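So the structure is just underneath, and the comments pick up after that.
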Amino acid sequence: MSYAPDGQQYQPPYRPEGQNPQQPYGDQYGRRQYGQQPHEPYEPHGGQPQHPQQPYGQEPYEPQGPYGQEPPYEPRRKSRGRRWVIAGVCVLALAGIAAGVMYHFEIPPFTDKGAAVSFGQSAAGDDGKKKDAAPQPVNSKMLMPTGPKAEFKNSMTLPDGTHVAVTTLDGKKSGFKGKVWVWAPKEYNDPKFAKSGFPVMIALPGGAGYPSNYWMGTDLGLQTSIAKWYTEGKSKPFILAMPVLNPAPDDKGIYWDGSDIPEQPKMGTWLTEDVPDLMKANFRTVKSRDGWAFMGSSTGGFAGLKAVLKHPDKFKAVIASGPDIVPDSSLWKGHDKEKAENNPEILAKQLIDRKGPDVYLAFQVGDSENNKKTLPDVQKFIATFGNKGPVHTELRIIKGGQHNAKTYVPNMGEGPIQFISKVMEGPVE
């Protein structure tokens, strides 16, 4: 139904009952003009006479070209060409849909997702036994891959040709089995660094951190940012390890603090033992703790902070963005002793009392975080333990910053990544 612009219903012009509406000029309804005979075909000014309707059984009227010549085209040929065009468009559309489906389900050759990925040349075979290679100098700071070699599948390919790959790790020490995503900068495969060990950063997400780790997605730009910061002289060329943080979804408000909570999966051991072992088995890394760091946001920031303070002999630094400062999982109920052993405040005091080793804690917090206690809690921690003895701290307050990864990544390059990179090593030989 048609409507007038002001919303009223459109009314057709009035005509007496039984009259047909006026037809367009030059129509073929055989309307007579004044002075014409009833059967005389209507002839518009300057036009050719209209051929009258042929009686049934006669040959159909065939249009003639100038001077009785045949027309220079065939109507059916034009129609056939149009059908071919339509058919071609349909085929292309179906091919595009098929390619999209094959890409989504990781079916070659339309995508390299799911393809095997090898990070450089390993010195160990699939069985973990050393291949024939030049012996590594005793005083080398670099640790060659120890094996066994993991099976990495491509998750996505970055514009610079590097890959984010994923594997399923069966943690031998924690007993937990889960996914770990990894990424190495392009320098790792550069012949210039063929004999160099690279620093490793274990990146932890906030929230549930299961079944995926959101740092593995390129939309947040962590990988491209590290590559950019390295070329700018702000960062080390970190290899990233991005494991799942929790053993199950956070659908009932339960999380595990990245810790070994009694009667629960040993997520603390998973993060600090199994994941580093995976990286050492497959990459050229730095032997000492000078090449090992954590980075995390929210719950992941707490887990990384706690890991460095609890294992300063293994890890040297952390970037903790919008972190919790004390363990607060409901699963700690009834386990006060173990809870205290995973409390960053208590761990920092113990580290100061025993005078080391030195750790470097880079905090960043937005001044518009939804949890208004986050910034005061971090400031209190720094006032109490920061820059006292072996605990070195730095705080970046992000103006207008909120509690999300999109706030944290861009600001890491303005201080935190430089703070820890100055004290870490790599690439080293």
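The values are calculated or read from the model by the stated rules, or taken from the named source; none is laboratory data. Predicted model, so just to flag it, every value in this text is computed and none were measured. Every residue, glycine among them, receives a Cβ derived from its backbone with ideal geometry; neighbour counts consider all protein chains shown. Side chains are part of the model used for accessible areas, which takes the heavy atoms of the whole protein and leaves out ligands, DNA and RNA. Shrake-Rupley method; radii C 1.70, N 1.55, O 1.52, S 1.80 Å.
Within the stretch 335-397, what whole-number % of the accessible surface is contributed by carbon and sulfur, with the 1.4 Å probe and all protein chains included in the calculation?
49
Remark: the stretch 179-220 projects, on average over all directions, an area of 3.8 nm² (convex hull of Cα atoms). Just the protein heavy atoms count here, and of the accessible area of the stretch 136-295 at 1.4 Å, carbon and sulfur take up 52 percent.
Anything over 26 Å Cα to Cα? Flag those among K314/K372; K339/K380; K177/K234; K149/K266; K153/K177; K173/K287, in the order listed.
Among K314/K372; K339/K380; K177/K234; K149/K266; K153/K177; K173/K287, the Cα-Cα distance tops 26 Å for K314/K372; K177/K234.
Protein heavy-atom accessible surface, 1.4 Å probe, per residue over the stretch 287-339: 30 Å². Simple point charges give the picture: +1 on the Cβ of Lys and Arg, -1 on the Cβ of Asp and Glu, and for the stretch 250-399 a dipole about the Cα centre of about 500 debye.
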